[in-house]
Ligand SMILES: O=C(O)CCC(=O)C(=O)O
Ligand SMILES: [Fe+2]
């Protein structure tokens, strides 16, 4: 993104409660960042998030009744060549102090996927409240999903699609790699005194030089299994959720059951 000096990105949390990093190629940006939970003090009486948290309006109690309770934001001056990481659910506003070029990337992972699901549920609650007066209309629940997609960028069906794609890839990775990994594990037992537990705990250290060939595949399988466990948690929660059941989408329910079965088989069968 290339932006002019004195422009800003309004106060927000990133899409789908994703994580992000942003790298400044040139220019300087000021980031004002709040930890999760503070946004409730930065929301106006109508429930809308503040647009500009530096505006004088924030001190107008008739608009932002609880602004005084908010902590001070974490302020970061990001200069040329610097990269900032924004954790999931941290609200932020960004002011371009100079003409700036930056590159950013958003993602989620096993730690973020349930947050994404919770976010989707809370956005649907807001949608439902906004058209509560039309509840008698035909296909009201389906209509709420259309509005959810418009406001949030994704609806329940697409979320299942998203989980399905992740799960299928992980299942495929596990199936492809497990045969190699079995022989690697034998190698590990024979060649080094590093137990699998030690091996796992060394993920965050500089382990690359001590890796015997194929250790990466064991790690990959562990990560894939972990992802599948988290996808499964979301699917089970979805299946039991009131709004999901009100949709009465039989095809989607069947799809979830089939996917859950596939995940279950993969996780149970260490040799799959
Ligand atoms: O650079 C900006 O103006 C906004 C970037 C942002 O909000 C982000 O990376 O999450
Ligand atoms: Fe952002």
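We did not get these values from a lab; they are worked out from the coordinates using the rules stated. Nothing here was measured: the structure is a model prediction, and the numbers come from that model. Neighbour counts run over all protein chains shown; Cβ positions are idealised from the backbone, glycine included.
Working from label points 7 Å from Cα in the Cα-to-Cβ sense, the residue 265 to residue 21 distance is 3.8 nm.
Full extension of the chain between residue 133 and residue 254 gives 40.4 nm of extra length, using 0.36 nm per residue less the Cα-Cα distance. When both the stretch 34-93 and the stretch 145-164 are represented by their alpha-carbon centers, they are found 27 Å apart. Work out the FRET efficiency for residue 97 and residue 118 from their Cβ-Cβ distance, taking R0 = 35 Å, and round it to the nearest 0.05. Taking R0 as 35 Å, the efficiency between residue 97 and residue 118 is 0.50. Label-to-label distance, residue 111 versus residue 140, with points set 7 angstrom from Cα along the beta-carbon direction: 4.1 nm.
Remark: 168, 72 ranked as 72, 168, counting other beta-carbon atoms within 10 Å and listing the fewest first. Label point of residue 2 set 7 angstrom out along Cα-Cβ; within the stretch 80-119, amide nitrogens under 14 Å from it belong to 99-103.
The calculated FRET efficiency for residue 168 paired with residue 241, based on their beta-carbon distance and R0 = 22 Å, is about 0.45. In the stretch 1-146, the ratio of gyration radius to Kirkwood radius, Rg to Rh, stands at 1.03 when only Cα atoms are counted.
Each Cα pair under 8 Å and six or more residues apart adds its sequence gap; the mean of these over the residue count of the stretch 1-67 is a relative contact order of 30 percent. Applying 0.36 nm per residue to the separation of residue 149 and residue 72 and subtracting their alpha-carbon distance, the gain on full extension is 24.4 nm.
Note down the relative contact order for the stretch 1-146 as a percent, whole number, built from C-alpha pairs under 8 angstrom at least six residues apart. Relative contact order of the stretch 1-146: 42 percent. Averaging Cα coordinates gives a centre for the stretch 1-25 and one for the stretch 242-265; these two points are 35 Å apart.
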